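Q: Pasting in a structure now, in structure tokens, and then I'll have a few things to ask.
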Amino acid sequence: MKYYSTNKHSPAVDFREATIRGLAPDRGLYFPERIPLVKPEFIKALKKMSNEEIAFQVIEEYVGNIIPRDHLFKIVKETIEFEIPLVEIDDCTFSLELFHGPTMAFKDVGARFMSRCLSYFLSLEKRKVTVLVATSGDTGGAVADGFYGQPGIEVVILYPSGKVSRVQEQQLTTYGGNITALEVNGSFDDCQQMVKSAFMDGVIKEKRLLTSANSINVARWLPQQFYYYFAIKQWDDIGNPPVISVPSGNFGNLCAGMLAAYAGLPVCKFIAACNANDVVPRYFQTEEYKPRPVIPTISNAMDVGEPGNFIRIEELYRHYLPEIRNNLEAISISDEETRACIKKVFNEQNYLLDPHAAVAYCALKQYQENNPDDRGIFLSTAHPIKFPDTVEECIGQQMEMPDRVRDILKKQKSSVKIAASFDILKDYLLG
Ligand SMILES: *Cc1c(COP(=O)(O)O)cnc(C)c1O
């Protein structure tokens, strides 16, 4: 399988090259030259197959012969070694819980898969790579956990001091080993700017092979298809496929779902559930695509003003908006609606939503008001305990703390405090 750049000014590359590069040299995103279709027999057989077998079949063609089959199977198995249950909330609404992984957010799947692929590639070349990422919260933890102990990889994570939750900070700063957390005295935007500058700096490039682990990397993007297959495996009425509501920020997760549906997975329709950062819902209304400055919200992992992966959805449907609209609705939900929703679902269904899942639930309910016969699934992308302040305020009581969280809060934090300056990051990377 070859991947071309969406900007069309760089040569097509294989899965290995696309994983190591992240972004194409012309700054485009890599996209598969051909979408491998799934056979109807495969869909019928889902219920009888193990998650590992399903995931392996889905990803095999995308990787090609770059990784030997038995090693790829091992990578897939390690990637998804936790449960991904579909939980009934009411007759027509189901939650796909993606937060049972080590850092309790769905990003674990992509980070675990990518880290293991990268390790494999580097082991063949005896090269060392530095993974450099800025995080506003969830990405950092998933990357730290996914890459911890992987040979040949050093990880440097920049996070804004005092602006991530306590649990998130512990998940970034307590690994040690090949993981370094740089605690930046500044904002997430500062962190991101510093990382961007590092990728463009010739001197750093000579000294280190840098790669990014953000969601535009094909090795993080493609394995996200897995959980849509697991959802359909658990769906009770395959003749009437579900609407799937995806809480979206950078649109990587949603785009993976749409790729799976394009390949033949039965899905009635997708909903792009956005918070106040509504570039895509606005685009659908006005047919004008206008990135906007970020608006901070309580679902902060979705605070994105320029959704990086949306171009892949356009690519999938050849930039033909009516076709995209046939498959996708886009709905924006306010913080007020999100809070009301957390409270209501807790009181009426005794189910706890995190703010991101609440946006998806709320968007699904709005859709169902106009389409009462469509049953649906929303993706629960994070465990509510990761956002205790918001959730506890909504439900008016404290949450029970899982043992895993208690354990991580006890660990010793270790970070390197730095000013929000590229020169200081550069010194660190060269030193
Ligand atoms: C990253 C994240 C999202 C957004 O996912 P995208 O693939 O960027 O659209 C949603 N919910 C949570 C909890 C996240 O961490």
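Q: Select, from GLY239, GLY176, GLY249, the only residue that is modelled with pLDDT of 90 or more, in a loop (DSSP other than H, G, I, E, B) and within 16 Å of the ligand (Cβ to nearest atom).
A: Every option except GLY249 fails the conditions.
Q: Give segment 322-343 a look and list any residue that's crowded, with 24+ Cβ neighbours inside 10 Å, within 21 Å of the chain's Cα centre (by Cα) and assigned to a helix (DSSP H, G or I), or say none.
A: Initially, segment 322-343 is screened for residues crowded, with 24+ Cβ neighbours inside 10 Å, giving 333, 338, 342.
From what's left, within 21 Å of the chain's Cα centre (by Cα): 333, 338.
The one that is crowded, with 24+ Cβ neighbours inside 10 Å, within 21 Å of the chain's Cα centre (by Cα) and assigned to a helix (DSSP H, G or I): THR338.
Q: Show the residue pairs meeting these rules: Cβ distance below 6 Å; 6+ apart or different chains; first residue within segment 124-135 and closer than 23 Å to ASP190 by Cα; second residue of a type in the set (Ser, Thr, Tyr) and surrounded by 12 or more Cβ atoms within 10 Å (Cβ to Cβ).
A: VAL131/THR211; THR135/TYR159
Q: If you don't mind, another one. What about PRO322, is it out of contact with any helix residue (DSSP H, G or I) (no Cβ under 9 Å at 6 or more places or on another chain) and either hydroxyl-bearing (Ser, Thr, Tyr) or away from the ligand (no atom under 15 Å from the Cβ) (or both)?
A: Yes.
Q: Could you tell me which numbered condition ILE295 fails, if it satisfies all but one of (1) part of a loop (DSSP other than H, G, I, E, B); (2) modelled with pLDDT under 95; (3) surrounded by 14 or more Cβ atoms within 10 Å (Cβ to Cβ); (4) of a type outside the set (S, T, N, Q)?
A: Among (1) part of a loop (DSSP other than H, G, I, E, B); (2) modelled with pLDDT under 95; (3) surrounded by 14 or more Cβ atoms within 10 Å (Cβ to Cβ); (4) of a type outside the set (S, T, N, Q), the lone unmet condition for ILE295 is (3).
Q: Considering only segment 344-352, I want to know if a residue exists there that is outside any helix (DSSP H, G or I), surrounded by 17 or more Cβ atoms within 10 Å (Cβ to Cβ), more than 16 Å from the ligand (Cβ to nearest atom) and modelled with pLDDT of 95 or more.
A: yes
Q: Among the numbered conditions (1) in a strand (DSSP E or B); (2) modelled with pLDDT under 90; (3) among the acidic types (Asp, Glu), tell me where ASP190 comes up short.
A: The single condition ASP190 does not satisfy is (1).
Q: Which condition from (1) surrounded by fewer than 21 Cβ atoms within 10 Å (Cβ to Cβ); (2) modelled with pLDDT of 95 or more is the one that SER123 breaks?
A: Evaluating SER123 over (1) surrounded by fewer than 21 Cβ atoms within 10 Å (Cβ to Cβ); (2) modelled with pLDDT of 95 or more leaves (2) as the failure.
Q: Oh, and also: Name the residues in segment 378-401 that are over 13 Å from PRO247 (Cβ atoms) and within 11 Å of the ligand (Cβ to nearest atom), would you?
A: Listed by number, the residues that qualify are HIS383, PRO384, LYS386.
Q: Also, quick follow-up: May I ask you to list the residues in segment 128-142 that are at pLDDT 90 or above and away from the ligand (no atom under 12 Å from the Cβ)?
A: VAL129, THR130, VAL131, LEU132, VAL133, ALA134
Q: Could you grab me the full set of residues in segment 205-230 that are more than 16 Å from the ligand (Cβ to nearest atom) and modelled with pLDDT of 95 or more? Give the steps one after another, and end with the answer.
A: Going residue by residue through segment 205-230, those that are more than 16 Å from the ligand (Cβ to nearest atom) are 205-211, 229-230.
Within segment 205-230, TYR229, PHE230 qualify.
Q: Going through segment 108-127 one residue at a time, which ones are charged (D, E, K, R) and within 16 Å of the ligand (Cβ to nearest atom)?
A: ASP108, ARG112, listed by residue number.
Q: Could you tell me whether VAL155 is of a type in the set (A, V, I, L, M), within 16 Å of the ligand (Cβ to nearest atom), touching a residue at least 24 places away in the same chain (Cβ under 8 Å) and surrounded by 24 or more Cβ atoms within 10 Å (Cβ to Cβ)?
A: The answer is no for VAL155.
Q: Ok, one more. With the checklist (1) in contact with a helix residue (DSSP H, G or I) (Cβ under 7 Å, 6 or more places away or on another chain); (2) not in a loop (DSSP other than H, G, I, E, B) in hand, flag the one item TYR283 doesn't pass.
A: Looking at each condition in turn, TYR283 falls short on (1).
Q: May I pose another question? Just give me the residues in segment 209-236 being of a type in the set (Lys, Arg) and either over 17 Å from ALA105 (Cα atoms) or in a loop (DSSP other than H, G, I, E, B) (or both), in sequence order.
A: Listed by number, the list holds a single entry, LYS233.
Table: residues versus (1) within 15 Å of the ligand (Cβ to nearest atom); (2) over 18 Å from the mean Cα position of the chain (by Cα); (3) among the small types (Gly, Ala, Ser); (4) on the phi > 0 side of the Ramachandran plot.
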residue	(1), (2), (3), (4)
ALA261	no, no, yes, no
GLY264	no, yes, yes, yes
CYS268	no, yes, no, no
ALA276	yes, yes, yes, no
VAL279	yes, yes, no, no
ARG282	no, yes, no, no
GLN285	no, yes, no, no
PRO293	no, yes, no, no
ASN300	yes, no, no, no
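Q: Okay, next question. Return only the number of the condition from (1) over 28 Å from TRP235 (Cβ atoms); (2) of a type outside the set (Val, Ile, Thr); (3) without any contact (Cβ under 8 Å) to a residue 24 or more places away in the chain; (4) not in a helix (DSSP H, G or I) that PRO372 does not satisfy.
A: If we test PRO372 against (1) over 28 Å from TRP235 (Cβ atoms); (2) of a type outside the set (Val, Ile, Thr); (3) without any contact (Cβ under 8 Å) to a residue 24 or more places away in the chain; (4) not in a helix (DSSP H, G or I), just (1) comes out false.
Q: Next up: Looking at the structure I just gave you, is VAL359 away from the ligand (no atom under 16 Å from the Cβ) and crowded, with 24+ Cβ neighbours inside 10 Å?
A: It is false that VAL359 is away from the ligand (no atom under 16 Å from the Cβ) and crowded, with 24+ Cβ neighbours inside 10 Å.
Q: Can you pull out every residue in segment 138-148 that is closer than 24 Å to PRO384 by Cα and surrounded by fewer than 24 Cβ atoms within 10 Å (Cβ to Cβ)?
A: Hit for segment 138-148 is ASP145, nothing else.
Q: Still on this structure, please answer the following. Any idea which residue in segment 393-430 is surrounded by the most Cβ atoms within 10 Å (Cβ to Cβ), counting only those that are modelled with pLDDT of 95 or more and closer than 22 Å to LEU98 by Cβ?
A: Checked segment 393-430; the qualifying residue surrounded by the most Cβ atoms within 10 Å (Cβ to Cβ) is CYS394.
Q: Moving on. Out of curiosity, is TYR148 in contact with a strand residue (DSSP E or B) (Cβ under 8 Å, 6 or more places away or on another chain) and within 16 Å of the ligand (Cβ to nearest atom)?
A: Values: in contact with a strand residue (DSSP E or B) (Cβ under 8 Å, 6 or more places away or on another chain): yes; within 16 Å of the ligand (Cβ to nearest atom): no.
In short, no.
The values are calculated or read from the model by the stated rules, or taken from the named source; none is laboratory data. Everything quoted here is computed from the prediction, not taken from an experiment. Ideal geometry is used to build each Cβ from the backbone, glycine not excepted, and the neighbour counts take in all protein chains shown.
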